[in-house]
Amino acid sequence: MLFTVNKSPFLFGHLDSCLQYAIKDTPILLIEDGVYAASKGTSYEKKLKEALGKFEIYALGPDLKARGIASVIDGVKIVDYAGFVDLAEKHNVAPWI
Amino acid sequence: MANPEEIEESSDEIVKKMMFVMRKAPHGTINPYEGLEVMLIVAAYDQDLSAVFLDDGVYAIKKGQDPKEIGVKDFSTTFRVLPGYGIEKIYVEKESLENRGLTVEDLLLEVEVVDKSEVTKLMQEQDVLFPF
């Protein structure tokens, strides 16, 4: 199962919730405002780093670029639209909206 | 031509204190864009205007946004025109910046940084709050 999260972790609990339902090694793709969770130095960084020990976490590059996020927390893999498609081909998609 | 009496009448109108409360991140929702548009419209009515960026609203004025690849026009730099439209009181909440690892250096316009208690006080002073 591939989980996608499109909401900011600061205003919404989608990512928190997703992290509770995903089983080990599940890929989680941050898209749209979800990518803010991958930015460095935020109050969410600790939680995301913990999650990186359990899940594969991806962030969509064009969404990072749109929001001016130049670097992400180490371990978060940046994918482009083609990478998004690859992930969606390999896994059933569960949009955590 | 405007009637001189009407001009006099309009100058007697009560000026209200109005504050735009910007709480959402750009691109994922339409709120910051709509907020910006409404600010520019309301600016035509000579009211006492201010804007506060808090929670994810601080991301709306973050430098370096480039939304070409997601098919969205970059409107972030348009926030820079606000002082020119008479919206000179632009506040940013300190806690919101800190929680997001940001400083004023990351922002694309000049702002006054205020803490949460000051934001509360500023909001209490308003006649109208426009939430976005």
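Since every read-out is calculated from the coordinates, none of them should be taken as a lab result. Only a predicted model underlies this, so the values are computations on that prediction, with no experimental measurement involved. Ideal geometry is used to build each Cβ from the backbone, glycine not excepted, and the neighbour counts take in all protein chains shown.
Angle of helix B:31-42 to the longest C-alpha principal axis of chain B, folded into 0 to 90 degrees and rounded to 10: 20°. Placing unit charges on each Cβ (+1 for Lys and Arg, -1 for Asp and Glu) gives the protein assembly as shown a dipole about its Cα centre, and among B:TYR45, A:ALA22, A:TYR44 the Cα reaching farthest toward its positive end belongs to A:ALA22.
Counting every other Cβ atom within 10 Å of each residue's Cβ, B:SER117, A:SER17, A:SER8, B:SER50 order from fewest to most as B:SER117, A:SER17, B:SER50, A:SER8.
Sorted from greatest to least, the principal axis extents spanned by the alpha carbons of the protein assembly as shown come out as 73, 38, 28 Å. Database remark: amide H of B:PHE20 closer than 5 angstrom to the amide H of B:SER50, B:ALA51, B:VAL52, B:PHE130 (H placed geometrically; neighbours at sequence offset of 5 or more, or on other chains; Pro and chain starts carry no H).
In a shell of Cβ-Cβ distance under 10 Å around B:VAL119, excluding B:VAL119 itself, what net charge do Lys and Arg (+1) and Asp and Glu (-1) give? Net charge around B:VAL119: -1.
Electrostatic tally near B:TYR85: other residues with Cβ closer than 13 Å to its Cβ, Lys and Arg +1, Asp and Glu -1, net -1. Per-residue Cβ neighbour counts within 10 Å put B:ARG80, B:ARG23 in the sequence B:ARG80, B:ARG23, beginning with the fewest. Run down the lysines and flag those whose C-alpha is under 19 Å from the C-alpha of A:LYS7, throwing out any fewer than 8 positions away in its chain. Of all the lysines, those that pass the test against A:LYS7 - Cα under 19 Å, at least 8 places apart if same chain - are A:LYS40, A:LYS46, A:LYS47, A:LYS49, A:LYS65, A:LYS77, B:LYS24, B:LYS62.
The label point for B:LYS68 and the one for B:GLU34, both projected 7 Å from the Cα toward the Cβ, are 2.9 nm apart.
Could you tell me whether chain A comes out rounded, prolate or oblate from its Cα gyration tensor? Rule is a ≥ b ≥ c as square roots of the eigenvalues, rounded for a/c under 1.5, then prolate if a/b exceeds b/c, otherwise oblate. Here chain A falls in the rounded category. The share of alpha-carbon pairs in chain B lying farther apart than 26 Å comes to 25%.
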